[in-house]
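Structure first, commentary second.
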Amino acid sequence: MFLMRRSRCVVLKSRPNPNVDLGNFEMENRNLRPMEQGEFLVKVEYLSIDPAIRTWINTAASYTDAVPIGGVVRSQGLGRVLESKNDKYSVGDIIVGWFGWQEYSISNGQDVYRVKEGKFPISYNLGILGLAGFSAWWGLNKIGMPKEGETVLVSSAAGSVGSAAGQLFKRLGCKVVGTVGSQEKADLCLSKYQYDVVINYKNTDAPIDEKIKQACPNGIDVYFDNVGGVTLDAVMKNINTFGRVILCGTISLPITAAPPQGPRVERTLLIKRAKMEGFVILDHMDWYEHAYSEMFEWVNNGSLVSKEDIFVGLEKAAEGLVRLLAGQNLGKQLIKI
Ligand SMILES: NC(=O)c1ccc[n+]([C@@H]2O[C@H](COP(=O)([O-])OP(=O)(O)OC[C@H]3O[C@@H](n4cnc5c(N)ncnc54)[C@H](OP(=O)(O)O)[C@@H]3O)[C@@H](O)[C@H]2O)c1
């Protein structure tokens, strides 16, 4: 006899107007449909809270479809296989996939991968060894291509992507400068992530471009951009000839409203023979295993470190997102279910 399983989930109740707030979400308790041949049931243990969720719950132009009203909020999660009708996945396998904000998820194995256990929390597979760390690895290796001794600036330097990027650049012998939104984050970057200099952009004692100029007296060779907006404008005033700008994120820009007009960059790019290139990491998953095996070793031997900011309870997922967008997370924002 089939026993109906219930699963608590967080669904999208309304679209942000314009900011994401707790009222945009509601908890529901839904029946799980029966599993079909080729599928397996996952008990979700951790959810990855990402700035991109803000984009996915809006209808503004994006690289993917918007979550529908009433739909379970999209996110990556880590969980264990509870029951399986799929030959490739067995009960007990620890996997990462697009499980959404819910306790249980049924998967057919698409866009799912198994993770390895090591001398670190298994949840690192959603952060430093997940898409965040992989984004840092990809941006550095495929766009930034830094050389020893070059000056690199990383924005949101204490965040999940930023803290990984800062350390990866440092491994290659670069001078690494970060921008962050609090003194606590600045201290973390200096003490834990090996940044050489950190700028708190919320400290308004001098304009950001002057602070950057002071921190980078030889100019900037590579900018790993997690935020866009005025920080990018300030970097462009200090970019070196043959500089590279890696466009990873634009969290400082509004999603639905027209972004504020900034200075034009085409002449700077031309005169400096600089390049600016964006990427969406999901386009490059064929490189993930390669990056994972490289970074796994470094995380396992403690030479690449990470910090997590974990909320407990599915009902805290929306709060986690609001908090992340307000810059209140200190490390990779996760929800433990
Ligand atoms: N291209 C891709 O495929 C890809 C993949 C993963 C992530 N990303 C992007 O990478 C960036 C970092 O993601 P993450 O997961 O590592 O998040 P995170 O950096 O851990 O957390 C977000 C941080 O953004 C900063 N922030 C928030 N509002 C800001 C504002 N108005 N101006 C400047 N900074 C602001 C805050 O740090 P401060 O307090 O320091 O300001 C906040 O803590 C995001 O833009 C994300 O969308 C892109």
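Each reported figure results from applying straightforward, stated rules to the coordinates on display, with no laboratory input. Nothing here was measured: the structure is a model prediction, and the numbers come from that model. Cβ atoms come from the backbone with ideal geometry, glycine included; neighbour counts cover every protein chain shown.
Take 226-233, 17-24 and order them by the average number of nearby Cβ atoms within 10 Å per residue, most first; the result is 226-233, 17-24. Each residue in 265, 161, 299 was given a count of other beta-carbon atoms within 10 angstrom of its own, and listing them fewest first yields 265, 299, 161. Highest mean packing first, where packing is the average number of other Cβ atoms within 10 Å per residue, the peptides 206-215, 61-70 line up as 206-215, 61-70.
Reported to the nearest whole Å, the Cα centre-to-centre distance from segment 63-101 to segment 115-169 is 24. Between 155, 67, 214, the Cα set farthest toward the positive side of the dipole of the chain (charges on each charged residue's Cβ, about the Cα centre) is that of 214.
Using the Cα centre of the chain as the reference point, and only Cβ charges (+1 on K/R, -1 on D/E), how large is the resulting charge dipole? Debye, rounded to the nearest 20. Don't jump to the answer; show the numbers that get you there.
Working: 38 positive and 36 negative charges, 48 e Å.
With Lys and Arg at +1 and Asp and Glu at -1, about 240 debye.
The residues packed around residue 248, meaning those with a beta-carbon under 14 Å from its beta-carbon, carry a net charge of -2 if Lys and Arg are +1 and Asp and Glu are -1.
Here is how the number arises for the chain: DSSP H runs of 4 or more residues each give -39500 (n - 2.57), the sum is divided by the residue count, and the result at 222 nm is -6500 deg cm²/dmol. Electrostatic tally near residue 237: other residues with Cβ closer than 9 Å to its Cβ, Lys and Arg +1, Asp and Glu -1, net -1.
Among the listed pairs 43/85; 175/211; 237/275; 170/332; 142/272; 192/307, those whose Cα-Cα separation exceeds 18 Å are 170/332; 142/272.
For segment 217-277 versus segment 12-38, the spacing of their alpha-carbon centroids is 36 Å.
What shape does segment 164-285 have by the C-alpha gyration tensor, where a ≥ b ≥ c are the square roots of the eigenvalues, rounded means a/c under 1.5, and otherwise prolate means a/b greater than b/c and oblate the rest?
Details: a/c = 1.23, a/b = 1.20, b/c = 1.03.
In terms of gyration-tensor shape, rounded.
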